[in-house]
1. Can you tell me which residue is nearest to ASP80 (Cα to Cα) among those in region 139-150 that are open to solvent by less than 20 Å² (accessible area, probe 1.4 Å) and touching a Leu at 6+ places or on another chain (Cβ under 8 Å)?
2. Which numbered condition trips up GLY166, out of (1) of a type in the set (Gly, Ala, Ser); (2) farther than 26 Å from LEU59 by Cα; (3) under 18 Å from the mean Cα position of the chain (by Cα)?
3. Which of the residues spanning region 18-32 are out of contact with any Leu (no Cβ under 6 Å at 6 or more places or on another chain) and β-branched (Val, Ile, Thr)?
4. Taking region 72-107 as the search range and keeping residues that are out of contact with any Lys or Arg (no Cβ under 9 Å at 6 or more places or on another chain) and among the charged types (D, E, K, R), which one is surrounded by the most Cβ atoms within 10 Å (Cβ to Cβ)?
5. Please tell me if TYR231 is within 24 Å of LEU142 (Cα to Cα) and aromatic (Phe, Trp, Tyr).
6. Condition first: aliphatic (A, V, I, L, M), surrounded by 15 or more Cβ atoms within 10 Å (Cβ to Cβ) and over 20 Å from the mean Cα position of the chain (by Cα). Now tell me which residues in region 265-295 satisfy that.
7. Can you name the number of the only condition in (1) closer than 27 Å to LEU117 by Cα; (2) open to solvent by 30 Å² or more (accessible area, probe 1.4 Å) that GLN3 fails?
8. Return yes when TYR136 is among the aromatic types (Phe, Trp, Tyr), in a helix (DSSP H, G or I), farther than 19 Å from ASP51 by Cα and open to solvent by less than 80 Å² (accessible area, probe 1.4 Å) and no when it is not.
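The values are calculated or read from the model by the stated rules, or taken from the named source; none is laboratory data. Just so we're clear, the structure is a prediction, and the values are computed from it rather than from any experiment. Here the Cβ is made from the backbone with ideal geometry for all residues, glycine too, and neighbour counts use every protein chain on show. All accessible areas refer to the heavy atoms of the entire protein, side chains included, with ligands and DNA or RNA removed. Shrake-Rupley method; radii C 1.70, N 1.55, O 1.52, S 1.80 Å.
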Amino acid sequence: HEQRLGLKKHVLSCGALSEKYGAVILLEDDLIVSPYFYSYATRALSYYSNDPLIAGISLYSYRVTENGFRPFFCVDDGKDMYYMQLPSSWGQAFTQVQWRTFNQWYSKNNNRAASNLPEHIQQWSQSSWKKHFVQYMIENNLFFVYPRVSLSTNFSEPGVNSVQRGLFQVELADAERSWTFNRFSESQSVYDCSFEIAPDSLKTLLPELSAYDFECDLYGTKNMEDVSRPYLLSSKQCSEPIATFGNDLISAVQNIRYRCAGSFYSLAPTQKFTSQTPELIDYYVSAKSIYPNLFHRLQQSESDKVAYEKTRASWKQWCDEFLAQFKLSTEFPNIEVIILANSSVKDTSDTINSIRKQSYPESQYHISVLAQSDELLEFK
C-alpha cells in the first residue's frame, strides 16, 4: 500500500481479496506455518463452504485462553475439529461467501457500539477487526472451525498489539494427515467467546447435568451481571453448591466429566456465587507443584543465590507469621508490599505513590506500613 492502513483496514482489505480469488488465507508477519497448512486449509474451506453456521476457518489451535491466560484443552470427541464463537487472528481462512456475509454486516454496523461482549473483548482497541467479528458471530449465532493440531503459531513479536513474547506459541503439525471433519451439529466440542464449553456439549459428557439450565464459567472470568441463566457451573466462590468437583486433572472440563472429588468447581443457583475466583496458578494443575520454587529462582540473580538460600527460611517464617495476623495471602500473584517506617505513615507517602504507579499481575496487591513498634499503621 502507498500508506499505512492500520491493522483493521489492512485485514479488511485482505479479506476483500476473496472476491477475486474465491477464498483467502490470512497470515500476519510474526507467524510460522506447518508445511501442511495449505492442504488443511483447502480441505477445510471445501468441506465448510456451504455451511451457514461457519464464519471462517482457523489454522491456529489454542492452548492458553486470551481472557485470563488459563490453560485450554478442547474436548476430544473423536474428530479433528472443535468450534468456538471467536474468530482466529493467528492464521485464518475465509471463503468468498463467508467474508462477503461478514462484510455486509460490517458495512451496516461498524459505527454501532458493541454489546453483549465479554468484558475482556469490550476493552479491545477500536482498531481491532476481531472485536467487530465477535459481535457479528454472536448476533448471528456463528462459529469458527479450529483444528486440534495447530497449523500455525506466532512468535508474539513486540508490535502494535503485542508486548509479551511466547505466551500463545503452540506446537505445529509435523505430519500430513487425513482430516476427519464433522458438522457443527455433530460436535461435542463447542465453546463460547469466553473459551467456556457450551452447556449442551457438557451435558452429553455428564447426562445428569441435563436437569439444570446452567451457564459455564469454569475459568471464573465472566461478570456475574452478564450471567442470565438460573444456574451456574463455575470456579468462583459459592456459598450453597448443589454439586462440587475437584481440580486434579489439567483439563477443566475433564474434572467435571470424571466427577473429581473436591470443591474447586461448583454447580449452584447463580445468585449463590460471588465474584471471587481462585489464583491463576491454581488453574495450572501440572505446574502448581513446581511454581513456588520456579518463581523464587526467577526472582534472584546469580550473585544473590548463596545469600538468598541462607536467609529464605527465616525470612519466610517471619513473613508468614506477620501476614497471618492480618489474614493476608502469601501466594503470587497477590503481592504484599511491606514498608518499614521510622515513626509515622506520612513519611512513607512518596514510597506508597511510587508503588501504586507500577504494574502488577492482575493488579492484585496490598500495601502495609509497619512502624518500629510492629504496630500496623496502614493497610490498603
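1. PRO147
2. Among (1) of a type in the set (Gly, Ala, Ser); (2) farther than 26 Å from LEU59 by Cα; (3) under 18 Å from the mean Cα position of the chain (by Cα), GLY166 violates only (2).
3. Hits for region 18-32 are ILE25, ILE32.
4. By that ranking, first place goes to ASP77.
5. So TYR231 does not fit the description; no.
6. The first filter runs over region 265-295 and keeps only residues aliphatic (A, V, I, L, M), leaving 267-268, 280-281, 285, 287, 290, 294.
Next, from what is left, pick out any that are surrounded by 15 or more Cβ atoms within 10 Å (Cβ to Cβ): 267-268, 280-281, 285.
Matches in region 265-295: LEU267, ALA268.
7. Here GLN3 meets the rest and fails (1).
8. Details: among the aromatic types (Phe, Trp, Tyr): yes; in a helix (DSSP H, G or I): yes; farther than 19 Å from ASP51 by Cα: no; open to solvent by less than 80 Å² (accessible area, probe 1.4 Å): yes.
The answer is no for TYR136.
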